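Read through the structure below, which is laid out as structure tokens, and then see the notes.
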Amino acid sequence: GAPRTRTPTGAETGAPATANGQQGAYLTTAQGARLRDTDHSLKAGPRGPVLLQDHHLREKITHFDHERIPERVVHARGAGAHGVFTAYGTAEAVTRAGFLKKGRETDVFVRFSTVLGSRGSADTVRDTRGFATKFYTDEGTFDLVGNNMPVFFIQDAIKFPDIIHAAKPHPDREIPQAQSAHDTFWDFVSLHTEAQHHTIWNMSDRGIPRSYRTMEGFGVHTFRLVNEAGETVLVKFHWKPKLGVHSLTWEEAQMLSGMDPDFHRRDLYDAIEAGAYPEWELGIQVLPDTPEETFADIDLLDPTKIVPEELAEVQPIGKLVLNRTPTNFFAETEQVAFHLGHLPPGIDVTNDPLLQGRLFSYVDTQLTRLGGPNFSQIPINRPHAAVNDMLRDGFHQQAVHAGVAPYRPNSLDGGNPFPAGDDEHAFLDVPVTVAQAPKVRANPASFDDHYSQARLFWLSMSPVEKEHIIRAYTFELGKCYHQAIKERQLQSLANIDPVLCAEVATGLGLPAPQPTEPLADVTPSPALSQVGGEWPSD
Ligand code: HEM
């Protein structure tokens with residue numbers, strides 16, 4: 001039946017239907033009274049002071065005074081687009097998620113972003129890029145909140161405020177540091193060596209994408225899928241751009257930051273308006289759900305690790321086409337609110353400690369950023385599934401809830417609606433066994449390997465990519481004032497690869513240290529290279 005709890009249309013509440021916020025041929029006040037003049041304030045005579053009674057002046061200025069909301073604490077600068085996701089049906093065996101059944105089409109909204117810059121910062125800085133997708137599925141919204149790099153700096157969300165403090169502008173000078181956070185950034189990543197893998201991705205060409213349209217996307221964490229039979233697999237999500245993966249050169253990126261700081265945002269908008277709709281394939285690496293939660297000795301709960309594609313193929317499960325630009329940047333791109341807990345039946349989380357903290361952080365920050373608990377009623381955030389929840393009241397409540405009281409079951413209100421019980425469309429918390437172990441503030445020992453995959457990445461690069469990485473480290477470390485920090489970072493580079501370390505050390509005019517741990521014996525993964533294929537060994 002029709003849901004009883006929902007956001008009513010304007011007609012039902014008697015208010016104007018504000019799909020586009022404007023109605024009628026005449027300018028009015030916010031209360032709908034027609035205005036004669038909006039260009040002059042009401043004065044005591046043509047040369048007189050402005051009258052306090054000028055309610056139109058006060059309404060206009062007061063509203064303007066409150067037009068801004070806080071920018072996101074991270075990923076403040078972004079650009080968004082609407083599109084459609086079409087499922088191939090190839091994931092049907094591993095997940096019950098209805099939107100992944102063959103041929104299903106689901107509306108999506110994607111927001112791409114930089115991480116560290118403020119809302120007005122340049123697009124082409126060296127940084128990680130956000131790649132957040134909202135799938136408005138008919139079984140509830142699914143948010144895949146990923147990045148253009150498959151790993152993260154830290155292994156535990158409790159360190160997130162620390163890495164961001166190290167990378168955002170100085171507290172005294174407020175000098176934006178972008179990726180080149182220099183002393184504090186390099187201090188952090190050389191002291192927290194689990195960050196070395198993500199850092200080498202940032203120093204590679206992946207840190208300066210050519211276009212949002214030419215970026216891969218990654219869910220980063222391992223997720224758990226559950227099928228109709230209750231069987232589970234572990235997966236990693238990948239977005240593959242139809243146009244291939246392409247980057248700028250450092251010189252192009254720097255020039256564009258000055259000449260066209262809106263380069264990526266403009267490119268996305270212009271491409272869609274021109275009908276050159278950007279496309280990605282969504283793929284999954286399917287990994288067995290074993291009690292150890294490892295694959296090929298890789299700990300799947302460690303967000304600083306990838307599973308090389310040569311070991312587990314990325315299987316395409318659907319196609320994304322972005323085909324519509326936002327009508328209003330604020331209403332859509334600025335107010336969109338993603339959350340890893342937005343999961344439809346068939347997709348569940350794992351115990352990755354970074355993921356677990358993210359499950360708390362997004363809603364928490366949005367309570368402030370979007371002004372209270374009802375931001376899921378903002379048009380861009382409204383699910384396309386019927387909503388029938390027990391949440392009531394609060395700032396900016398749009399719904400006019402009927403019924404006796406939101407408790408279930410009750411005997412006064414017919415007891416409806418009921419929870420969905422065994423319904424195949426109901427969300428299932430996969431009953432994973434939790435270890436019988438003492439509480440600890442610690443990570444598993446398998447999280448202690450900080451260098452082998454940074455080395456894997458380095459060894460997988462083509463010569464020109466290696467050259468770019470060397471130059472990026474040399475440039476960014478060259479901005480540090482503290483020699484001890486440069487030396488400590490060189491030590492990490494020595495543990496990744498002596499050639500890389502020696503080249504950067506030469507560029508910095510410092511001696512190259514010896515590795516402090518044995519170099520990992522790894523097999524290069526050609527899929528990591530943007531050039532790909534075969535290249536002469538050096
Ligand atoms: C925002 C990705 C880790 C807290 C974002 C956005 C993306 C993203 C793409 C922008 C969303 C948008 O466009 O609106 C990631 C990835 C992570 C990660 C891939 C690691 C795998 C974390 C962690 C925390 C965190 C560990 C905190 C514990 C936030 C917050 C925002 C944000 C507070 C702002 C959200 C808002 O204002 O709506 N993240 N993030 N992130 N992230 Fe993360």
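The values are calculated or read from the model by the stated rules, or taken from the named source; none is laboratory data. Worth saying up front: this structure is predicted, and the values here are computed from it rather than measured. Backbone-built Cβ (ideal geometry, glycine too); neighbour counts: all protein chains shown.
Worth a mention:
- Under the condition of being crowded, with 16+ Cβ neighbours inside 10 Å and assigned to a helix (DSSP H, G or I), the residues counted in the range 270-279 number 2.
- For the range 37-81, a residue qualifies if it is under 30 Å from ARG266 (Cα atoms) and either among the aliphatic types (A, V, I, L, M) or out of contact with any Ser or Thr (no Cβ under 9 Å at 6 or more places or on another chain) (or both), and the qualifying residues are HIS63, PHE64, ASP65, HIS66, GLU67, ARG68, ILE69, VAL73, VAL74, ALA76, ALA79, ALA81.
- For first residues located in the range 70-83 and under 21 Å from GLY372 (Cβ atoms), partners that are more than 8 Å from the ligand (Cβ to nearest atom) and of a type in the set (Ser, Thr, Tyr) and lie 6+ apart or on another chain with Cβ distances below 6 Å form the pairs ALA76/SER118.
- Those residues of the range 45-81 which are surrounded by 12 or more Cβ atoms within 10 Å (Cβ to Cβ) and of a type in the set (Gly, Ala, Ser), in sequence order: ALA76, GLY78, ALA79, GLY80, ALA81
- When the range 291-324 is filtered for residues that are within 19 Å of the chain's Cα centre (by Cα) and β-branched (Val, Ile, Thr), the ones remaining, listed by number, are THR304, ILE306, VAL321.
- Near pairs, Cβ below 6 angstrom, 6+ apart or cross-chain, from the range 215-240 (among the polar types (S, T, N, Q)) to any residue that is within 13 Å of the ligand (Cβ to nearest atom): THR222/LYS236; THR222/THR350
- Among the residues of the range 167-205, those that are surrounded by 21 or more Cβ atoms within 10 Å (Cβ to Cβ), within 14 Å of the ligand (Cβ to nearest atom) and not aromatic (Phe, Trp, Tyr) comprise ALA167, LYS168, GLU194, ALA195, HIS197, HIS198, ASN202.
- Qualifying position, being assigned to a loop (DSSP other than H, G, I, E, B) and among the aliphatic types (A, V, I, L, M), among LEU225, LEU243, LEU256: LEU243
- Pairs are defined by a Cβ separation below 7 Å, a sequence spacing of at least 6 or placement on different chains, a first member in the range 470-490 that is under 12 Å from ASP183 (Cβ atoms) and in contact (Cβ under 8 Å) with a residue 40 or more places away in the chain, and a second member that is part of a helix (DSSP H, G or I) and among the aromatic types (Phe, Trp, Tyr); the pairs so defined are LEU477/TRP186; CYS480/TRP186; ILE485/TRP186; GLN489/TRP186.
- For the range 209-222, the count of residues that are crowded, with 21+ Cβ neighbours inside 10 Å, touching a helix residue (DSSP H, G or I) at 6+ places or on another chain (Cβ under 7 Å), part of a loop (DSSP other than H, G, I, E, B) and of a type in the set (A, V, I, L, M, F, W, C) is zero.
- Strands (runs of 3 or more DSSP E) within the range 62-154 that include 2 or more residues in contact with a Phe, Trp or Tyr (Cβ under 7 Å, 6 or more places away or on another chain), farther than 16 Å from VAL321 by Cα and within 16 Å of the ligand (Cβ to nearest atom): 129-137, 140-147
- Boolean, VAL286 is away from the ligand (no atom under 16 Å from the Cβ), buried (at least 19 other Cβ atoms within 10 Å of the Cβ) and not charged (D, E, K, R): yes
- Residue check, GLU313 in a loop (DSSP other than H, G, I, E, B), away from the ligand (no atom under 16 Å from the Cβ) and either over 30 Å from PHE395 (Cα atoms) or free of Cβ contacts under 8 Å to residues at least 12 places away in the same chain (or both): yes
- Single condition ASP260 does not satisfy, out of (1) surrounded by fewer than 16 Cβ atoms within 10 Å (Cβ to Cβ); (2) over 17 Å from GLY120 (Cα atoms): (2)
- Subset tally (residues that are farther than 26 Å from LEU320 by Cα and among the aliphatic types (A, V, I, L, M)) for the range 185-227: 5
- Unmet requirement for THR62, which otherwise passes all of (1) within 35 Å of the chain's Cα centre (by Cα); (2) more than 28 Å from SER361 (Cα to Cα); (3) in contact (Cβ under 8 Å) with a residue 24 or more places away in the chain: (3)
- Once the range 342-377 is narrowed to residues that are more than 7 Å from the ligand (Cβ to nearest atom) and free of Cβ contacts under 8 Å to residues at least 40 places away in the same chain, the residue that is surrounded by the fewest Cβ atoms within 10 Å (Cβ to Cβ) is ASP364.
- Considering (1) of a type in the set (A, V, I, L, M, F, W, C); (2) surrounded by 22 or more Cβ atoms within 10 Å (Cβ to Cβ); (3) within 18 Å of the chain's Cα centre (by Cα), the lone condition that PHE160 does not fulfil carries the number (2).
- For the range 494-522, residues that are under 22 Å from VAL307 (Cα atoms) and free of Cβ contacts under 8 Å to residues at least 40 places away in the same chain total 2.
- Flag for VAL522 being modelled with pLDDT of 95 or more, surrounded by fewer than 19 Cβ atoms within 10 Å (Cβ to Cβ) and of a type in the set (Val, Ile, Thr): yes
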